1. Set Lys and Arg Cβ to +1 and Asp and Glu Cβ to -1, take the dipole of the range 22-218 about its Cα centre, and tell me which of Gly143, Val77, Ser32 lies farthest positive.
2. Springs between alpha-carbon pairs under 10 angstrom, Gaussian network model over the chain: which of Val378, Val387, Val138 fluctuates most?
3. Where is the GNM fluctuation largest for the chain (alpha-carbon springs, 10 angstrom cutoff): Arg389, Arg341, Arg332?
4. Using only Cα atoms, locate the centre of the range 104-159 and the centre of the range 1-34, then give the distance between them in Å, rounded to an integer.
5. Describe numerically, in nm with one decimal, the distance between label points set 7 Å from Cα along Cα→Cβ at Asn402 and at Lys259.
6. How much length is gained if the chain between Asp345 and Val106 is pulled fully straight, taking 0.36 nm per residue apart and subtracting their Cα-Cα distance, in nm to one decimal?
7. With Cβ to Cβ distances under 15 Å as the rule, what net charge do the other residues near Phe240 carry (K, R +1; D, E -1)?
8. Between Asp288 and Thr139, what length in nm is gained on full extension when 0.36 nm per residue of separation is reduced by their alpha carbon distance?
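Each reported figure results from applying straightforward, stated rules to the coordinates on display, with no laboratory input. Worth saying up front: this structure is predicted, and the values here are computed from it rather than measured. Counting neighbours? That spans all protein chains shown, and the Cβs are built from the backbone with ideal geometry, glycine included.
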Amino acid sequence: MENIIVRGGKRLSGRVKIEGAKNAVLPVIAASMLAHKGTSRIYNVPALADVYTINEVLRHLNAEVTYDNNTITVNAVKELSTEAPFEYVRKMRASFLVMGPLLARVGHARIALPGGCAIGSRPIDQHLKGFEAMGAQVTIGNGFIEASVNGRLKGAGIYLDFPSVGATENIMMAAVLADGETVIENCAREPEIEDLADYLNAMGAKVSGAGTSTIRITGVKQLKGAHHEILPDRIEAGTFMIAAAITGGNVLVEDARAKHLRPLVAKLEEMGVVIQEELDGLRVIGPDILKPVDVKTMPHPGFPTDMQSQMMALLLKAKGTAVITETVFENRFMHVEEFRRMNADIKIEGRSAIINGPCGLQGAEVSSTDLRAGAALVIAGLVSEGVTRVNELKHIDRGYVNFHGKLQALGADIERVEVGETASEKAAVNLPKLNMKPKYA
Ligand SMILES: CC(=O)N[C@H]1[C@@H](OP(=O)(O)OP(=O)(O)OC[C@H]2O[C@@H](n3ccc(=O)[nH]c3=O)[C@H](O)[C@@H]2O)O[C@H](CO)[C@@H](O)[C@@H]1O
Ligand SMILES: C=C(OP(=O)(O)O)C(=O)O
């Protein structure tokens, strides 16, 4: 088991390089299975646990996948198999994104039901409604969802009840090889949807309107492999922006794109953080005193739910009362209990968290409840008195490459250590000097 150990009190400074976006690369890799011929090359791929998982899913489905030097190649021209078992979907819900491509390419898919997770129940009814509208027969049984179609899917008009990111992507991938035109209304508008559309179009698809709330897709007969560079990860960028801001630091977040980060930039500026657009990224300068703001998570271009817990960490240091309302996931406040262990004053009322700052944060042993919560706890540790130990790092590794190493390079007093589970090692978190070897120098 590994832990991240943070000792608070350092101002961050320097520059940090942002990786390719996790939420863009996963659908793009899944979409590679749509190519009847040719090999796809995908650049700027982050070395994340989720990327290894989706690669394994594709290999299991009989695609050839290589991953080297941040570049993935996928060749899916052999006959594909069509079943993705629970071991993959359990590790990562985005494994369900292979359903659209399989249905389009092979006319059949059997994928384990994703089930709930730490941030909410996360149903997939909107994905299935889209496939059914395109002529697929969908059945659910024995923990699997099975979908099949005789011949090709048929283009359809689909109005989503909610602008679901995954449903928009899955339906787009199904529609590119369908017979006729598909129109998806009330669809998600996230930058990652545009990235997927760009890739599909490079493969020979006809997708327009991505980035707006209506996407039109004219089905084509065949797609071929294509080259594509993944856009920078706005959530990783936002996470480092908040880390810089909370420590009163001065950090250049390289490759952060202002146009993708507008809801976060607006809130940070309201809080008194200075943000300057430079040629190669965004410079973030944290103030001595942070002002409180209210935040409501919404589908893009609203404030992203994936930045909610990091924003909560920042608001713990703001002078006054702030309210965060989570509207996207019904249970994404698991980190509140962990923050309380660090002396945070937070009350939950329904879907809102009321934060009374500034809190005198104290180091404690805390658990990552999901990937963003893990990052948020580390951020809180940067400004806590004493030692914070964060465990359950498997969550952080799903979404961040070398998170502690990047913070260390910015001047944070942080290390990642291999620990046993003996009582004395558990108690070590309270000792001023930890008798443990850093795993990475
Ligand atoms: C791999 C990936 O890209 N993950 C992102 C994606 O997840 P994901 O694609 O799973 O998120 P969705 O946009 O689908 O989910 C948003 C909301 O819609 C609900 N819903 C979704 C589908 C459905 O069929 N029925 C339904 O009710 C969900 O339960 C949730 O409450 O978007 C989320 C919302 O921005 C982000 O937090 C995740 O980081
Ligand atoms: C919730 C997230 O991802 P996923 O949808 O892959 O669980 C996230 O990236 O914050």
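1. Comparing the listed Cα positions along the dipole, Val77 ranks first.
2. Taking springs between Cα atoms under 10 Å, the residue moving most is Val138.
3. Of Arg389, Arg341, Arg332, the Gaussian network model singles out Arg341 as fluctuating most.
4. 30 Å
5. About 3.0 nm separates the two model spin labels.
6. 80.7 nm
7. Net charge in that neighbourhood comes out at +2.
8. Computed gain between Asp288 and Thr139 is 47.9 nm.
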